[in-house]
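The values are calculated or read from the model by the stated rules, or taken from the named source; none is laboratory data. Not measured: the values here are computed from a predicted model. Using ideal geometry, Cβ is built from the backbone for each residue, glycine included, and neighbour counts are taken over all protein chains shown. What goes into the accessible areas is simple: the full protein's heavy atoms, side chains included, and nothing from ligands, DNA or RNA. Shrake-Rupley method; radii C 1.70, N 1.55, O 1.52, S 1.80 Å.
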Amino acid sequence: MSGKATAVAGANIAFTKYWGRRDAALNTPLNPSLGLTLDNLLTTTTVEFRDDLPEDTLVIGGEPQGGKPLERVARVLDAVRDRSDEVRRARVVSENTFAAATGLASSASAFAALVRAAFGALGEELSTEELSTYARLGSGSAARSVPGGFVEWTTGKTHEESRAWSLHGPDHWDLRDVALVVSGTEKKVGSADGHGLANTSPFNDTRIRTVEAILPRVRQAIADRDLTTLGELMEHDALLMHGVMMTSTPSLLYWTPATVEGIHLVRQWREEGIPAYFTIDAGPNLHVFCEGRHADEVARRAREEMDLREDQVLVGGPGEGARLVGDHLF
Ligand code: DP6
């Protein structure tokens, strides 16, 4: 066995968000979440296990990494090694098709690609659900980036239970994500630290109860391809999550004036007859969901009315789950 493999995975943007951990060591969530694995915001990662490495090494976008990013990757690789009775350290090289740490879910695609490539390099064929539990150890939302299409990630009390699966494959519904990158700068408080603050908000318990209550309707709306219901619930939960963030101690305010401008515009487009709904992750950027037949118009209006460049408006659709590819990065 060569000990080397390469995988590609897409970001997964949540309709109902993961915010707050139940168990920090296991990286399990306070609430279940549902989201879409995309075909455009991609991470490609090559992993090679080698005899001559004293430690794991990590290069992202050509830049050698140390500190926290490397520790996070090494921790996941330790779990992979435990599962596979492997002792060799690994060389990891990764590339994104988009800027990391802008709220475009880079950690989701990154850890999904990492575990797919790592187990691939060791010749291990895990089920998609089991693979998602290893991705979760690196980044919660990465569990959702392992399966393709429309994905659910359940809370679970143990490592094995907190896993993700595909509710519907990518062909189920021609839904589009029009990502509006209003800021490309790195956020001050990443989601890894932000999750630990959720419980300090007086609104957190209410939000968790609300998400659990709306989940069956979100599932049904996806099954029925009912954008009105999905969109209303999606916006509601994004605002609930940002309400929790803003009222945490310390307060997390990820929005900029451009984020608020985007919210108003999406609502105005709806009044004018374009069915489009926003959601916002732990950053200032918006994800506007609409059906394929409206995607060009949404993208054009975002560029014109928000003065965004071509490369700040990224249109994606439902994508495949994390998969092995033949072209290695080294
Ligand atoms: C707001 O999965 O990025 O995007 O486990 O610390 O990496 P870590 O957190 P992460 O949190 C995602 C937060 C979110 C909502 C979501 O994608 O569900």
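Listed here are the residues, each with its yes/no results for (1) out of contact with any Cys (no Cβ under 7 Å at 6 or more places or on another chain); (2) within 13 Å of the ligand (Cβ to nearest atom); (3) closer than 24 Å to residue 317 by Cα.
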| site | (1), (2), (3) |
| --- | --- |
| 145 | yes, yes, yes |
| 150 | yes, no, yes |
| 156 | yes, no, no |
| 169 | yes, no, yes |
| 188 | yes, no, no |
| 198 | yes, yes, no |
| 205 | yes, no, no |
| 216 | yes, no, yes |
| 219 | yes, no, yes |
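Residue-wise test of (1) small (Gly, Ala, Ser); (2) surrounded by fewer than 22 Cβ atoms within 10 Å (Cβ to Cβ); (3) part of a loop (DSSP other than H, G, I, E, B).
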residue: 136; (1), (2), (3): no, no, no
residue: 147; (1), (2), (3): no, no, yes
residue: 160; (1), (2), (3): no, yes, yes
residue: 176; (1), (2), (3): no, no, no
residue: 179; (1), (2), (3): yes, no, no
residue: 183; (1), (2), (3): yes, yes, yes
residue: 193; (1), (2), (3): no, yes, no
Filter result (under 20 Å from residue 279 (Cα atoms), away from the ligand (no atom under 14 Å from the Cβ) and modelled with pLDDT of 95 or more) within the stretch 171-186: 173, 174, 175, 176, 178, 180
Would you be able to say whether some residue in the stretch 297-310 is open to solvent by less than 20 Å² (accessible area, probe 1.4 Å), more than 19 Å from the chain's Cα centre (by Cα) and under 27 Å from residue 32 (Cα atoms)? no
When the stretch 115-143 is checked residue by residue, the ones that are within 14 Å of the ligand (Cβ to nearest atom) and over 22 Å from residue 212 (Cα atoms) are 115, 134, 135, 137, 138
Only one of 112, 79 is within 16 Å of the ligand (Cβ to nearest atom), modelled with pLDDT of 95 or more and over 30 Å from residue 253 (Cα atoms); which? 79
Please indicate, with yes or no, whether at least one residue in the stretch 283-304 is within 16 Å of the ligand (Cβ to nearest atom) and among the small types (Gly, Ala, Ser). yes
Checking 272, 261 in turn, the sole residue that is in contact with an Asp or Glu (Cβ under 9 Å, 6 or more places away or on another chain), farther than 23 Å from residue 211 by Cβ and open to solvent by 20 Å² or more (accessible area, probe 1.4 Å) turns out to be 261
